[in-house]
1. Could you check Gly271 against (1) open to solvent by 60 Å² or more (accessible area, probe 1.4 Å); (2) of a type in the set (Gly, Ala, Ser); (3) modelled with pLDDT of 95 or more and say which number it fails?
2. Taking Val164 as the residue in question, decide whether it is β-branched (Val, Ile, Thr), out of contact with any His (no Cβ under 8 Å at 6 or more places or on another chain), open to solvent by less than 80 Å² (accessible area, probe 1.4 Å) and in contact (Cβ under 8 Å) with a residue 60 or more places away in the chain.
3. Across segment 98-139, what is the number of residues that are open to solvent by less than 40 Å² (accessible area, probe 1.4 Å), in contact with a strand residue (DSSP E or B) (Cβ under 7 Å, 6 or more places away or on another chain) and assigned to a loop (DSSP other than H, G, I, E, B)?
4. Condition test on Lys215, is it touching a strand residue (DSSP E or B) at 6+ places or on another chain (Cβ under 8 Å), surrounded by fewer than 19 Cβ atoms within 10 Å (Cβ to Cβ) and either at pLDDT below 95 or closer than 17 Å to Pro191 by Cα (or both)?
5. Would you please list the contacts, defined by Cβ atoms under 7 Å and residues six or more apart or on different chains, that run from a residue in segment 121-133 that is farther than 23 Å from Arg110 by Cβ to a residue that is at pLDDT below 90 and not in a helix (DSSP H, G or I)?
6. Since Phe114 meets every condition but one in (1) touching a His at 6+ places or on another chain (Cβ under 8 Å); (2) under 16 Å from Gly8 (Cα atoms), which condition does it not meet?
7. Suppose the filter is over 30 Å from Ser213 (Cβ atoms), part of a loop (DSSP other than H, G, I, E, B) and modelled with pLDDT under 90; does Ser144 pass it?
Amino acid sequence: MNFLLVTGLSGAGKSQAKYALEDLGYFCVDNIPPVLIPNFAEYMSEHSEEYRRAAIVADIRGGKFFEDLEQSLSVLTDRGHTVEVLFIEASDETLLSRFKENRRAHPLEREGSFDVALAKERQMLSGIRKKSDWIINTDSTTNSQLRIKIADALGISASEDFCVTIYSFGFKYGIVRDADFVFDLRYLPNPYYDKALRNQTGNDSVVREYVMSDKSSTETYESINGLLRLALPLIIKDGRRGAVVAFGCTGGRHRSVTFANMLAAELDEAGYKTKVIHRELE
């Protein structure tokens, strides 16, 4: 099995790297004592169908245990596992600024000043840094940019785990709070006022045909579809793991359901991963 070791300087962004890896589908463990790494590796190997990717975050917080890291990694390779190393670092000036901003002390600062602590940490990590497969500097990197850098380094498509969640809802019951895009469809023809359609939903073809038979509906849908086709690639490029699109009508049973189903079908065909939630029907 392939394992990724994430290590680097304190304050350089290993925690954010862990979050990014989790977004990319990694099962991550943080600050595990190195002597336990072989046991963790065996467990993950036995459950490899459930866990596609695994990452281990380790640094000097492990104290004396950190000295056992290289030995534990050797055990993994001896057992046939592959271990790759991602090293996260930043300049002294950036690290000092971050520690001051967060009002935290460097883990080794009790042994001297910040400069002395950082110099000692760099010396302690020099060996593993030389053996690293990737080194990422986070001096001028936002969290979303870090995710993109890590995905690029590991050869993972930024859109691989990107998911578009599409809601239909009724405004009379409240909007979808976590939506990135909310589209109000209450001005479109309402099947509710047709007694033959009132008890059906946008999941039924007769309702969909009724809604989309009006020119205002087709023009609205084409405009929304065009906007999202422009926006979604830019959202992926920004490093986000997904987007939430919500269609609302009065009761959340006819027009919004129709639009949600249509958009999901088109995005599926375009290669996006989608999830549809008809809130009022559920």
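The values are calculated or read from the model by the stated rules, or taken from the named source; none is laboratory data. Note that the structure is predicted; figures quoted are calculated from it, not measured. Ideal geometry is used to build each Cβ from the backbone, glycine not excepted, and the neighbour counts take in all protein chains shown. Heavy atoms of the whole protein, side chains included, go into the accessibility calculation; ligands, DNA and RNA do not. Shrake-Rupley method; radii C 1.70, N 1.55, O 1.52, S 1.80 Å.
1. It is condition (3) that Gly271 fails.
2. Details: β-branched (Val, Ile, Thr): yes; out of contact with any His (no Cβ under 8 Å at 6 or more places or on another chain): yes; open to solvent by less than 80 Å² (accessible area, probe 1.4 Å): yes; in contact (Cβ under 8 Å) with a residue 60 or more places away in the chain: yes.
Yes: the conditions hold for Val164.
3. Residues in segment 98-139 being open to solvent by less than 40 Å² (accessible area, probe 1.4 Å), in contact with a strand residue (DSSP E or B) (Cβ under 7 Å, 6 or more places away or on another chain) and assigned to a loop (DSSP other than H, G, I, E, B): 2 in total.
4. Numbers: touching a strand residue (DSSP E or B) at 6+ places or on another chain (Cβ under 8 Å): no; surrounded by fewer than 19 Cβ atoms within 10 Å (Cβ to Cβ): yes; either at pLDDT below 95 or closer than 17 Å to Pro191 by Cα (or both): yes.
Against the criterion (touching a strand residue (DSSP E or B) at 6+ places or on another chain (Cβ under 8 Å), surrounded by fewer than 19 Cβ atoms within 10 Å (Cβ to Cβ) and either at pLDDT below 95 or closer than 17 Å to Pro191 by Cα (or both)), Lys215 does not qualify.
5. Qualifying pairs under 7 Å: none.
6. Of the numbered conditions (1) touching a His at 6+ places or on another chain (Cβ under 8 Å); (2) under 16 Å from Gly8 (Cα atoms), the odd one out for Phe114 is (2).
7. On the way: over 30 Å from Ser213 (Cβ atoms): yes; part of a loop (DSSP other than H, G, I, E, B): no; modelled with pLDDT under 90: yes.
It is false that Ser144 is over 30 Å from Ser213 (Cβ atoms), part of a loop (DSSP other than H, G, I, E, B) and modelled with pLDDT under 90.
To keep it simple, each residue is scored yes or no on (1) in contact with a helix residue (DSSP H, G or I) (Cβ under 6 Å, 6 or more places away or on another chain); (2) open to solvent by 60 Å² or more (accessible area, probe 1.4 Å); (3) of a type in the set (Asp, Glu).
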position	(1), (2), (3)
Ala196	no, yes, no
Glu219	no, yes, yes
Gly242	no, no, no
Ala264	no, no, no
